[in-house]
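**Q** Take this structure, written in structure tokens, and hold onto it; I'll ask about it next.
Bear in mind these aren't lab numbers, they're just calculated from the coordinates by the rules spelled out. Since this is a predicted model, take the numbers as computed values, not measurements. Here the Cβ positions follow ideal geometry from the backbone for every residue, glycine too, while neighbour counts run over all protein chains shown.
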Amino acid sequence: MKVQHTETSLSEVHASVDTTLPVKGWRRILAYAGPAYLVSVGYMDPGNWATDLQGGAKFGYQLIWVLLMSNLMALLLQSLSARLGIVRRRDLAQANRETYPPLVNFCLYVLAEIAIAACDLAEVLGMALGIYLLTGLPLIYGVGITVFDTLLLLWLQNYGIRKLEAFIISLVAVIGASFVVEIILAKPSIPEMAQGFIPTALNNEALYIAVGIIGATVMPHNLYLHSALVQTRKIGTDKASIRRALKFNFIDSTIALNAAFFVNAAILVLAATVFFKTGNTQVAKIEDAHQLLSPLLGTKLAPILFAVALIAAGQSSTITGTLAGQIVMEGYLHLRINPLLRRLLTRLIAIIPAIIVILVYGEEKVDALLVFSQVVLSLQLGFAVIPLIHFVSDKQTMGEFAIGLWMKIAAWCIAGILVFLNVRLVLQEILAVYDEPGNLFWKFLIPVVALLFVWLFVMMTFLPLIKRQLRRETSKMHSPVPALNNLNVPDIKCIAVALDFSVNDEKLIAYALHQGRKDTTYVLVHVVETAPSRLLGEATDDEETRNDRQRLELYASTLQQQGYAVTAALGYNNRTREIVRLVKDTQADMLIMGAHRHKGLKDYVFGETIETVRHELDIPVLIVNV
């Protein structure tokens, strides 16, 4: 495990495919093809199967329009994600880290990891189901076997991004070919299918399935993934090269996501034709669908193709889920861990709830868990979509490649639809909890969690707007070029140095001496933070205080022997308040402090001394990174 200081996303394959080579025609287009296919497998993973099967079996062709709407949403959002990566060369996690404060970023990181875990849960269950349907191996063993697919990803990564893309595309081809045969065997009614494209009102049960379909189709981790994968292409920095990359990546996305729509629509149409029209509306489980395909279609080929496609969908999705996890962790935390460890952790987080459900509730609850995982994904969507829209709308960072007015309207409408559907679904579930007697723990916890989500939503939505406005105002304020006639600085007669009695003291004192002259007075400051100091203040005389005073005086005498004018000042209890007091009491003209470069939650754990001190003083404060 190590902190990742590189600014590139997926650094091991960053810009590894050169699109600047002088080739023409299909070879130029194929140089850009690939990232969208890796993204598209997330739109046809086993979670989609569960929601599509339930939607088709219970409501016939009625929800095809929801699939189409989801696909159009996905196409727009994925194109925005690709635009962010191509123009700014930042993935969504990196852009969030640069824009939001640490606490907001931490919350967004946790939500992104939850989304990845929910996606991986669907893949684990889907692959285990596929193995069970094909071989009869019990689900509990199939779930265990999925741990070993971590080795496949690591093996593929050794051959580069193009080989990985080729493997994924081959799996997508297996899935597509399987369902082409399934649809031919099912012989659906074309006019009835066409009616399914007309939007209709949804009852509560249909809404739950519809939100699951949206969550299964438009996946939040895919927005992180796509913005990073497009950076595997080396493109020119000129405007023509960027426009060409945007164009070819949009073509790539259109083809790949339409293929995903075909698979999802095929599953729903298959369920509607084979189950809904024959009165088998109770079919809500993948294994039930598999068992009924053979007698209803009159061939043993259908269930075999169904199982093979399911395994291919699970395997392809699990690879892209791991890549998304790497992008999220490195982008938000600047932390890179061993790929095998990262994959095992993600897989274990998914396996544990799957095993618990199978052992406690039995295998019949697996499909309900699949649908639930997709609803969880849908609930995370707003927290990935809204920042993305902000970033690609910002003309200062995107330049002329910022999205136009109509695309903004379409993007915000999509975000509004997603948030509305999710809020409506959550409110239904909350009201159901409050209608039941008991559940006191949940009745107390729900308002607390709701307030946290409202706060995060407000910060995530409005903070970029505020920062953008501040940048505009700053730009207006700074537009006149000053004459620079007055460049005199007052003499520095006294410099205070805040010491923490660590190995960094020598570095801080060296910087202080470099800032002054021989006639400058130096004040060495240290604050005692022992328990007695909180009560007794300057009257404190415990062993630690005596040692601190002795060490400070030793520093001072050493410097005095070298010819410097040095005094020592000891403070008590409150670090920030005492530093400010001692600097003012000694009338120092400059303060020098060390910065330990804490990040994220460490600022809240260890405190932000520098920020507080510098706002309380009106003298120069030199911050030395130690």
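**Q** Name the long-range amide H neighbours of LEU335: under 5 Å, sequence gap of 5 or more, or other chain; modelled H, no Pro or chain starts.
**A** For LEU335, whose amide H was placed from the backbone, the distant partners under 5 Å are GLN4, GLU330.
**Q** How long is the gain from LEU345 to LYS467 if the chain were fully straight, where each residue apart is worth 0.36 nm and the alpha carbon distance is subtracted?
**A** Full-extension gain reported as 40.3 nm.
**Q** Then there's this: Go through the range 57-66 residue by residue and turn each phi into a ³J(HN,Hα) via Karplus (6.51, -1.76, 1.60, θ = phi - 60°); whole Hz please, and just put x for glycine and proline.
**A** Coupling constants for the range 57-66: 5, 8, 10, x, 8, 4, 9, 4, 5, 5 Hz.
**Q** Can you work out the PRE-style zone for GLU544? Point 7 Å along Cα to Cβ, and I want the residues of the range 490-528 with backbone N under 11 Å.
**A** Backbone N within reach: 528.
**Q** A further question on this structure: Which ³J(HN,Hα) values in Hz, rounded to whole numbers, follow from the phi angles of the range 546-562 under the Karplus curve 6.51 cos²θ - 1.76 cosθ + 1.60, where θ = phi - 60° and Gly and Pro get x?
**A** Result, ordered by residue: 4, 5, 5, 4, 5, 5, 5, 5, 5, 4, 5, 5, 4, 6, 5, 5, 8 Hz.
**Q** Cross-link list LYS408/LYS467; LYS163/LYS187; LYS58/LYS247: which exceed 28 angstrom alpha carbon to alpha carbon?
**A** LYS163/LYS187; LYS58/LYS247
**Q** For ILE495, which sequence-distant residues (separation of 5 or more, or a different chain) have an amide H within less than 5 Å of its own amide H, given hydrogens modelled in the peptide plane?
**A** Counting only residues 5 or more places away or on other chains, the set is THR521, TYR522, VAL523, ASP589.
**Q** Mind giving me the FRET efficiency for TRP406 and LEU137? R0 is 45 Å, r the Cβ-Cβ distance, nearest 0.05 is fine.
**A** The formula returns an efficiency of 0.30 here.
**Q** Tell me, in nm to one decimal, what length is gained between LEU21 and ILE255 on full extension, where the rule is 0.36 nm per residue of separation less the Cα-Cα distance?
**A** Residue separation times 0.36 nm, minus the Cα-Cα distance, leaves 81.9 nm.
**Q** So, one more: How many nm is it between the label spots at ASP238 and THR612, if each spot is 7 Å from the Cα in line with the beta carbon?
**A** Distance between the two pseudo-spin positions: 5.5 nm.
**Q** Once the mean 1/r over all distinct Cα pairs of the range 494-625 is inverted, what Kirkwood radius in angstroms do you read off?
**A** 15.2 Å
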